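Chemist: The structure follows.
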Amino acid sequence: MTFDYNLKEDEYLKAIKLYTRKFTKTGKRKIRITYFAGLVLLVTSAYMFISIFKQYLSFKQSLPDYVVRELLNKLFTQGFGYILILIIYLVLGIFFLYSAYNYPSTKIINKNTDPKTLEPRKVKINDSGIVYWQANNEEDKKSHLWNDIEGVFETEEFYLMKIDKNKIFILPKRMISTKVQSDFIEKHVAR
């Protein structure tokens, strides 16, 4: 089966994110560590804020108002480092959670992407493997035998084929018919 292959940029970014987040140990580990660091920083900043607030309530009940105002004034002037640490922990916690949620970022993906990735191609899938070439250059064929493909992962929109540690072949399901998809799944995904 030979067909035109034209991967859109948004599909490419989505497929790379899906593959990195769900099917690689490194991606999963980075996400877990980053989420953990973000949560620790947020919990620490929340604990610091709660302890300041509890102390404030304790002072408010047992000390006159002018003393409480003086203590708060000292906290925000002389104890500024404590407040600064609280704010830094809060901002870093939010940053780490955002980074984990958005990993890998579009910037990182684009930096590591071959410019020819999104150019139109022809793809041929047969019983021995996958052959693909630029639509305007049939001389530059690249092929991967099924035995050399380390894994085939199915998502809602894609088949992701792991060629080696840092290389995958993305096959959007929209490019092939449902009959071809069922044959493909039977032969290569469920192995």
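Every read-out reported here was derived from the displayed coordinates using simple, explicitly stated rules and does not represent laboratory data. Everything numeric here is computed off the predicted structure, so don't read it as measured data. Backbone-built Cβ (ideal geometry, glycine too); neighbour counts: all protein chains shown.
Chemist: Percent of Cα-Cα pairs more than 23 Å apart in the range 26-108, please.
Modeler: 41
Chemist: Treat each spin label as a single point 7 Å out from the Cα along the C-beta direction, and report the Lys165 to Glu70 distance in nm.
Modeler: Output for this residue pair reads 6.5 nm.
Chemist: Give me the angle, in degrees from 0 to 90, between the Cα long axis of helix 9-23 and the longest principal axis of the Cα atoms of the chain, rounded to the nearest 10.
Modeler: 70
Chemist: Below 8 Å, C-alpha to C-alpha, sequence gap of six or more: please give me the relative contact order for the range 26-108 in percent.
Modeler: Relative contact order for the range 26-108 comes out at 60 percent.
Chemist: Also, quick follow-up: Relative contact order for the chain: what is it in percent, counting Cα pairs under 8 Å that are at least 6 residues apart?
Modeler: Relative contact order for the chain comes out at 25 percent.
Chemist: Which links in Lys22/Lys141; Lys8/Lys141; Lys22/Lys107; Lys25/Lys187; Lys30/Lys54; Lys141/Lys179 stretch past 28 Å when you go from one Cα to the other?
Modeler: Cα-Cα > 28 Å for Lys22/Lys141; Lys30/Lys54; rest within.
Chemist: For the chain, find the longest principal axis of its Cα atoms and tell me its angle to the long axis of helix 65-77, 0 to 90°, nearest 10.
Modeler: The answer is roughly 40 degrees.
Chemist: While we're on this one: Starting from the range 5-63, pick out the trypsin sites (Lys or Arg not before Pro) whose DSSP state is loop and whose Cβ has at most 12 other Cβ atoms within 10 Å.
Modeler: Lys8
Chemist: Here are labelled values, [x] 15.3; [y] 18.8; [z] 17.1, and one is the computed mean projected area of the Cα convex hull in nm² for what I pasted. Which one?
Modeler: Working out mean projected area of the Cα convex hull in nm² from the coordinates points to [x].
Chemist: Rounding to the nearest 10 and keeping the result within 0 to 90°, find how far the Cα-based axis of helix 25-62 lies from the longest principal axis of the chain.
Modeler: That helix lies at roughly 20 degrees to the long axis.
Chemist: Evaluate the distance, in nm, between pseudo-label points positioned 7 Å from the Cα of Tyr56 and of Thr178 along their respective Cα→Cβ axes.
Modeler: 6.1
Chemist: Rounding to the nearest 20 debye, state how big the charge dipole of the chain is about its Cα centre with +1 on each Lys and Arg Cβ and -1 on each Asp and Glu Cβ.
Modeler: Dipole of the chain, to the nearest 20 debye: 560 debye.
Chemist: Could you list the trypsin sites (Lys or Arg not before Pro) in the range 100-182 that lie in coil according to DSSP, counting only those with at most 15 other Cβ atoms within 10 Å of their Cβ?
Modeler: The qualifying sites are Lys165.
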